[in-house]
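A quick write-up on the structure given underneath.
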Amino acid sequence: MKRVGIFDDPAFGEHDAGPGHPERPERLEAVRLGLRQGGIEKDLVPLRPRPATREELVRVHAAAHVDRVASADGKRVRFDPDTTMGPRSWAAATRAAGAVVDAVDKVLDGALDRVFCNVRPPGHHATPGRAMGFCLLNNVAVGAAAALCRGLNRVAVLDFDVHHGNGTQEAFWSDRRVLFVSSHQSPFYPGTGDLDEVGEGEGRGFTVNLPMPAGLGDGEYRRAYREIVEPIGRAFDPELVLVSAGFDAHRDDPLGGMTLSAAGFAELMDVCLAVASGAARGRLVAVLEGGYDLDGIAEASAAVVGRMLGRPFAAPNAAPRPGFDKLLEAYRAAHGRHWPVLK
């Protein structure tokens, strides 16, 4: 069994996104419940985060953005119709980013094999200069930048949240050291992540987007990840894998339109682990992003963290819908120019 840690902290529950907001503290408890009910919690190493430093944050974010968010500490500030800070949100946000940096350090130092970060607020929509989409700071991007600062030359960020990780994409748009792969519902918020968004300059080809129409589930995701994501990831051969683990592609999620089951999420993590099986030597950090149905979060998190521990899973046997081959061919046409993809 692999040595897997979990970052959690009461501060994450004190982030207040506003009355009735779907990004609520109960999401964290749903993860905890899923791990308890799955008999997984006892096998995890509990970890407590520290706040990310300003130096760690400005590797990704503009100094003006960091100052803007920090200046809201102790106040209630609305950045856009979806994104609000409460009086304790700065403490939560800096600890969420700090948890990912510490997780990266622990796996690179060999203290643990893998880490799951049960954190909020989420991060993958936060761009270098803007808070948006429930996100204040980009936790995964800050973690990837920390890995690069430690001398790594190949870091993969795999994002299976139902929404496109536009902030992470923007942070590494021209950087060939970071492979960013996002599968996401499209058309959908935030309106980015088209097939032709592949990066630019030295980073051209190192952004891989897999936009998907609503209604897809285990069969379609399995083929997309096995035939597109896995071969691209293995060819990149990262030294570390970071996962934006959004659970809002679950079939019961109220904000998404996908139909993934718990087995489907286990399959996605299995592909992420396959990508990490080369130079990364299994080193992987997963970070909670979206997911808004509490029961769905519980079962999906148990499936994902169970695979991180090395527990076996029953692969989903659902067949993809008729016509899905056309979408796979579009993926191959867009990304086969840069990477080997399965025919």
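Please treat every number below as a calculation from the coordinates, not as lab data. Here the structure is a predicted model, which is why all the values come from computation and not from measurement. Positions of Cβ are backbone-derived with ideal geometry, glycine not excepted, and every protein chain shown enters the neighbour counts.
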Open item on the list: If each DSSP helix of 4+ residues adds -39,500 (n - 2.57) and the sum is divided by the residues in the chain, what number results at 222 nm, nearest 500 deg cm²/dmol?
Closed with: -10000 deg cm²/dmol
Task: the range 185-343 - convex hull of alpha carbons, volume per residue in Å³ - done: 113 Å³
- [ ] With unit charges on the beta carbon (Lys/Arg positive, Asp/Glu negative), name the residue among S244, S183, G257 whose Cα is farthest towards the positive pole of the charge dipole of the chain.
- [x] S244
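Quick one: pull the percentage of alpha-carbon pairs in the chain with a separation above 35 Å. Show your work: numbers first, answer last.
Numbers: 7106 of 58653 pairs.
Beyond 35 Å sits 12 percent of the P(r) for the chain.
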- [ ] Nearest 5 is fine: what % of DSSP beta bridges in the range 112-217 come out antiparallel, could you say?
- [x] 15 percent
Open item on the list: Quick check: residue separation of R332 and N317 times 0.36 nm, minus the Cα distance between them. What number comes out in nm?
Closed with: 3.1 nm
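Where nothing but the Cβ of Lys and Arg (+1) and of Asp and Glu (-1) is charged, how large is the charge dipole of the range 238-343 around its Cα centre, in debye to the nearest 20?
The calculated dipole for the range 238-343 is roughly 580 debye.
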Task: Sequence-distant residues sharing a close amide H with V45 (under 5 Å, placed H) - done: V4, G5, I6
TODO: Find, among the trypsin sites (Lys or Arg not before Pro) in the range 203-243, those assigned to loop by DSSP (not H, G, I, E, B) with at most 15 other beta-carbon atoms within 10 angstrom.
DONE: R204
Open item on the list: Let's see if you can work this out: charge +1 on each Lys and Arg Cβ, -1 on each Asp and Glu Cβ, no other charges. What is the dipole magnitude of the chain about its Cα centre, in debye to the nearest 20?
Closed with: 680 debye
Task: Where the Cα pairs of the range 295-343 fall when distances are cut into 10 Å bins, in % - done: 20, 27, 32, 21, 0
Task: Antiparallel bridge percentage (DSSP; both residues within the chain; nearest 5) - done: 10 percent
TODO: Taking the Cα centre of the range 6-114 as origin, work out the dipole magnitude from +1 charges on Lys and Arg Cβ and -1 charges on Asp and Glu Cβ, in debye rounded to 20.
DONE: 200 debye
Task: Charge dipole of the chain about the Cα centre (unit charges at C-beta), most positive-ward option of V58, N317, A235 - done: A235
TODO: Excluding residues fewer than 8 places away in the same chain, name every one of the lysines whose C-alpha is closer than 29 Å to that of K42.
DONE: K2, K106
Open item on the list: I'd like to verify something in the chain: which complete DSSP H helices, judged by Cα projection on the helix axis, reach 27 Å or more and average at least -0.5 on the Kyte-Doolittle scale?
Closed with: 89-108
Open item on the list: On a straight-distance basis, which aspartates and glutamates could pair with K343 in a cross-link, Cα separation under 18 angstrom, same-chain partners fewer than 8 positions away excluded?
Closed with: E220, E227, E230, D325, E329
- [ ] With θ set to phi - 60°, apply the Karplus curve 6.51 cos²θ - 1.76 cosθ + 1.60 along the range 208-221 and write out the HN-Hα couplings as whole Hz, x wherever there is a Gly or Pro.
- [x] 10, 9, 10, x, 10, x, 4, x, 6, x, 4, x, 6, 4
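Take the Cα gyration tensor of the range 109-212, multiply each eigenvalue by 5, square-root it, and list the three semi-axes largest first, rounded to whole angstrom.
Semi-axis lengths for the range 109-212 are 21, 17, 13 Å.
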Open item on the list: Give me, ordered by chain and number, the residues 5 or more places off G290 or on other chains with an amide H under 5 Å from its own placed amide H.
Closed with: G246, F247, D248
TODO: Could you run the Karplus curve 6.51 cos²θ - 1.76 cosθ + 1.60 with θ = phi - 60° over the range 231-247 and give me ³J(HN,Hα) per residue in whole Hz, x for Gly and Pro?
DONE: x, 5, x, 5, 5, 5, 6, x, 8, 7, 10, 10, 10, 7, 8, x, 9
TODO: At 7 Å along the Cα-to-beta-carbon direction for both D109 and A235, put a label point, then send me their distance in nm to one decimal.
DONE: 3.7 nm
